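Here is the structure we will look at, set down as structure tokens.
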Amino acid sequence: MMEEIKQNSAKAWLLAARPKTLAAAIVPVLVGCAMAFHDGKFAWRQALACLLFAIMMQIAANLINDLYDYLKGSDGEDRLGPLRATSQGWISESAMKKGIAIVIAAGCLCGLSLLFFTNWKIIFVGIFCVLFAYFYTSGPYPLSYNGLGDIAVVLFFGLVAVGFTYYVQTFEWTCDLTFISIATGLVVNTLLVVNNYRDRETDARSGKRTVIVRFGETFGKYLYLFSGLSAAFISIAVLMLSSNYYAALLLAYVILHIFSWKKLCKINKGKELNVLIGESSRNMLIFAVLLSVALCV
């Protein structure tokens, strides 16, 4: 039995922030920095600002998701994933709204520090990130409720996060960056696929039309496998085309991902799939580290 958590306490906010998901914010920044380092243009101040901004936006997205899933009735008693703060009463609705505003404001302050190194046009990227955090779960057409979550993750955690991190350090955009960004978005998407695969039945009942709800269990299994493998092989191809044979390091990630996929297929349904959340986060970090090593060496 879980210990009692006082409403609006520090522990309640920590649980609502979902620290285990922050790997999704760290991975794109790490890859973008590794690419900048590879090109001899790594700048630690811009890198730090990007990291803080990404973490704040991830926390904001988690809090928004917590609140609006509760308001939409998606976090019922049949929930299979970790308990949510608003639905459990750990954080009141009014406090959650204030918390979201504070986290977004803190993230924007971190992002605005980049104005010292770049130009005013980056403000539009920041606005896009804030809008993504909001419209992913809420708004008149929430992306995660209409089968667009996977595309949004690849776009935001890939092209936007990796590309922006690289651009503010180098002021360039390359073909290799485009492919590596897409690969990074795909590997981050494995985390979403596990969540949606686990929740496919409860999502269907609550009207949340993820791609796995739309296309079925078998599609979900192979979407997980495809996301990880395509991320690895796109990255390997990019590295090999520039005669970077450290690309072979990424085969370690491929092995780990396949093992996780087999476990997902074996467990198939229920709360036991929560173990794959931790494994997918671990695999994702390993992917980013191996790719970064290959680029930096």
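The values are calculated or read from the model by the stated rules, or taken from the named source; none is laboratory data. Note that the structure is a prediction, hence the values are computed from the model and not measured. Cβ: placed from backbone, ideal geometry, glycine included. Neighbour counts: every protein chain shown.
Listed values, structure above:
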quantity: The stretch 6-42, residues that are of a type in the set (G, A, S) and surrounded by fewer than 16 Cβ atoms within 10 Å (Cβ to Cβ); calculated: S9, A10, G40
quantity: Residue satisfying all of: in the stretch 234-245; surrounded by 15 or more Cβ atoms within 10 Å (Cβ to Cβ) and either in contact with a His (Cβ under 6 Å, 6 or more places away or on another chain) or without any contact (Cβ under 8 Å) to a residue 60 or more places away in the chain (or both); farthest from L177 (Cα to Cα) among these; calculated: N244
quantity: Which numbered condition N119 misses (of (1) touching a residue at least 12 places away in the same chain (Cβ under 8 Å); (2) of a type in the set (S, T, N, Q); (3) farther than 26 Å from L15 by Cα); calculated: (1)
quantity: Conditions (1) modelled with pLDDT of 85 or more; (2) over 30 Å from E272 (Cβ atoms): number failed by I64; calculated: (2)
quantity: Qualifying residue in the stretch 13-36 (condition: touching a Cys at 6+ places or on another chain (Cβ under 7 Å), of a type in the set (A, V, I, L, M, F, W, C) and in contact (Cβ under 8 Å) with a residue 12 or more places away in the chain); calculated: yes
quantity: All positions within the stretch 164-198 that are closer than 19 Å to E279 by Cβ and in contact with a Leu (Cβ under 6 Å, 6 or more places away or on another chain); calculated: V193, V194, R198
quantity: Tally, over the stretch 254-274, of residues that are out of contact with any Asp or Glu (no Cβ under 9 Å at 6 or more places or on another chain) and at positive phi; calculated: 1
quantity: Count of the stretch 119-136 residues which are over 18 Å from the mean Cα position of the chain (by Cα) and crowded, with 17+ Cβ neighbours inside 10 Å; calculated: 1
quantity: Residue within the stretch 187-205 that is within 21 Å of A294 (Cα to Cα), touching a residue at least 12 places away in the same chain (Cβ under 8 Å) and buried (at least 24 other Cβ atoms within 10 Å of the Cβ) present; calculated: yes
quantity: Unique residue being of a type in the set (A, V, I, L, M), within 26 Å of P28 (Cα to Cα) and touching a Pro at 6+ places or on another chain (Cβ under 8 Å) when the list is V188, V254; calculated: V188
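Table: residues versus (1) of a type in the set (D, E, K, R); (2) assigned to a helix (DSSP H, G or I); (3) modelled with pLDDT of 95 or more.
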position	(1), (2), (3)
R205	yes, yes, no
K208	yes, no, no
F219	no, yes, yes
A232	no, yes, yes
I236	no, yes, yes
A248	no, yes, yes
V254	no, yes, yes
H257	no, yes, yes
